[in-house]
Protein chains: 2
Amino acid sequence: MAGVSQAAVSRAFTPGASVSAETRDRVLAAAQKLSYRPNLLARSLVMGRSGIIGIVMGNPKNPSCTAAIEALSTRLAKAGKHILIFTSEKDKATADVHVEDLLKYRVDSLVLIAANISTTLADHCRASGIPVIHFNRVGKNASGITITGANIAGARQIAEHLLRQGYRNLAYMANFRGAKTNRQREVAFTTFVTSHGLPAPQCILGHFQRDGAMAAARELLSRRRRPDAIFCANDYMALATMEVARFEFGIAVGRELGIAGFDDIEQASWPSFDLTTYSHPVDIMADKALEILLQDPDADRTMDVVVEGELKFRGSTRRD
Amino acid sequence: MAGVSQAAVSRAFTPGASVSAETRDRVLAAAQKLSYRPNLLARSLVMGRSGIIGIVMGNPKNPSCTAAIEALSTRLAKAGKHILIFTSEKDKATADVHVEDLLKYRVDSLVLIAANISTTLADHCRASGIPVIHFNRVGKNASGITITGANIAGARQIAEHLLRQGYRNLAYMANFRGAKTNRQREVAFTTFVTSHGLPAPQCILGHFQRDGAMAAARELLSRRRRPDAIFCANDYMALATMEVARFEFGIAVGRELGIAGFDDIEQASWPSFDLTTYSHPVDIMADKALEILLQDPDADRTMDVVVEGELKFRGSTRRD
DNA sequence: GTGAAAGCGCTAACAT
DNA sequence: ATGTTAGCGCTTTCAC
């Protein structure tokens, strides 16, 4: 080495340790020369915390998921955290397998983006002091922390907006029946509509996927009682629906058929789509997530954070 | 424990180890009960390999980058590798900082998606036996492994196609001047055009970003000598250009103005855009990358893999 | 402020 | 097939 003990080296690399400036410089210089880097694996082993955040992403095709991971990763990197990521392409009911793997790496916390884990595993995480944050997915169980957009308020506002625009024959394009997020949007939308004396919206499944949404749109627009407005459970499906309406049915979107989405993904504001939607404030949600992640982990409270977005009134629901 | 030694436990969790089925079962049962998981950090420490692949992603906004990470992550997960990821949002000239961090975690290999590292760092990685794969970015230096789409062949085919369609007054929208990928596309395009007796294409910078592309498109379409076809260095910019042409200038895309891109991202085939482009076969590239990653790492050859795509002739360059 | 020694949880020889 | 021992690279008491 360069004249000092192992411990001294350790201290030289630890920000607030008691080392004389002189020895630290000497160590750092030597390290530079040897191109030595402290082994974070070993450090994690002895410290018990790895500085790694585990992320499981449910549906990587969905732009709102990739937006979430982008928002999270830049913030975490800034906070000196590292992220170990899994994408579970298949719509597995549960991301347990991935979480198991993540746990073996002793991640400090877990973020699940649009993914679920079993109750038993969630409980085990909580017991081991690993905070689990459900991002954009209402947890099945009470345990854990949940950060979501304002599904209920948003869907209500969309419904209100569509009625105010004069649409009367509404439809709702759902994800799956199971997903809580979807349930919330569906129920809030339907409730508002029916409580205003209108018949319950027609409902169809789009599976949060482009193909599914296109098929659903074709079906919906071919019905004898064709809806005059469709609220899609997310923007990604709304864009597909819009294209089917426009290019396959020759429908004038807005005037003849109102279309609204949810999330306000980047493409929604592109002039080609100009989609009315309710924003899913990913950045603010990511801020919240970080706030929680960076707190001391002893307070293992369970909480549900709902971040409000806002209605984006655009051309796809303009009747004139 | 459950009656056995530490080593026995280790063997029970190692696939091809010499343990009697009986003891393994006993160990696994006990592990289940104690909800014990082998600590991969410790294992990595002693084994010298972590099973972690480090990924740095240059421009997370670019759909072709997110497509790449999606393709890679699903494959790596299937191969039992884990991925530690960084996104370097800012167009830093170099991703060295992130790579340094990754190195501290003793990643087995590095994949840089549209990101660069300094020559010295690259050399150091090679010296330490860590393969560095440049995905979708031609390395500045010869060292390391490079997997790219067929920039040169693709740009040539685009040029050929545009000329055959009867466009004569061409323009090229570039990323940065520095980027090798961009250089290759630009040079191949320009060379083909001029070698066919036409003036060199007008050139403008779009910076691989939507805003930049829109500004560039406005500038280009306002010139006295307005081009009749624009080849954009990637689809993301091409879509922006198309929207500016259509919605701000009222130009009929295809008939009045040909637009071509590069990558064949998902949106390119959407009917709203119907963009002619040259495909960037991310899946095949990811396959190649995995093939290399999973080989024994002693063969530290440097290689450049070029994966051919194909021309996607769509409406944005149809004149009739 | 610095060094010596112990130990984090695991695997890899070597014995048995 | 199983147990024993050593050691991976670090942090952390505890002396000095």
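Relative contact order, whole percent, for segment A:2-72 stands at 18, derived from Cα pairs under 8 Å and 6 or more residues apart.
Under 5 Å between amide hydrogens, built in the peptide plane, is the criterion, and for B:R318 it picks out nothing among residues at least 5 positions away or on other chains. Using the Cβ of B:A286 as centre and a radius below 10 Å, the other residues enclosed give a net charge of -2, where K and R count +1 and D and E count -1. Output the antiparallel fraction of DSSP beta bridges having both residues in the protein assembly as shown, as a percent to the nearest 5. Antiparallel bridges: around 10 percent, rounded to the nearest 5. What net charge do the residues around A:D108 carry, taking every other residue with its C-beta under 9 Å from that of A:D108, with Lys and Arg at +1 and Asp and Glu at -1? Summing Lys and Arg as +1 and Asp and Glu as -1 gives +3. Residue-wise HN-Hα couplings along segment A:95-101, as the Karplus relation 6.51 cos²θ - 1.76 cosθ + 1.60 with θ = phi - 60° gives them from phi, are 9, 3, 4, 5, 4, 4, 4 Hz; Gly and Pro carry x. Placing a label point 7 Å from the Cα of B:L294 along the Cα-to-Cβ direction, the distances to the matching points in the other copies come to 4.0 nm, shortest first. Close amide H contacts of A:N116 (hydrogens built in the peptide plane, cut-off under 5 Å, sequence separation of 5 or more or a different chain): A:A95.
In the assembly of identical copies, B:G250 has its label point, taken 7 Å from Cα in the direction of the beta carbon, separated from the corresponding points by 2.4 nm (ascending, one decimal). Amide H contacts under 5 Å for A:K312: A:T277, A:Y278, A:S279, restricted to partners 5 or more places along the chain or on a different chain, H placed in the peptide plane at 1.01 Å from N. Between this copy and the others, label points of A:G166 are 4.3 nm apart in ascending order, each placed 7 angstrom from Cα in the Cβ direction. Each of A:R164 and B:C203 was given a label point 7 Å from its Cα along the Cα-to-Cβ line. The distance between the two points is 5.2 nm. Counting Cβ atoms of other protein chains within 10 Å of each Cβ in B:37-47 and taking the mean gives 6.
Which whole-number value in Å³ per residue fits the convex hull of the alpha carbons of chain B?
Values: hull volume 48.9 nm³, N = 320.
Hull volume over Cα atoms, normalised by residue count, gives 153 Å³.
If exposed trypsin sites (Lys or Arg not before Pro) are those in a DSSP loop with at most 10 other Cβ within 10 Å, what is the longest stretch of chain A that has none? It works out to A:1-89. Set the Cα radius of gyration of the protein assembly as shown against 2.2 N^0.38 Å, with N its number of residues, and you get 1.05. Given springs between every Cα pair under 10 Å in a Gaussian network model of chain B, which of B:Q295, B:Q184, B:Q267 has the largest fluctuation? Result for chain B, Cα springs under 10 Å: B:Q295 fluctuates most.
For a Förster distance of 56 Å, can you work out the FRET efficiency between the beta-carbons of A:K33 and B:R224, rounded to the nearest 0.05? After rounding, the FRET efficiency stands at 0.40.
Bear in mind that the values in this text are calculations on the coordinates, not laboratory data. Being a predicted model, the structure only gives us computed values, none of them experimental. Please note: Cβ atoms are built from the backbone with ideal geometry, for glycine as well, and neighbour counts cover all protein chains shown.
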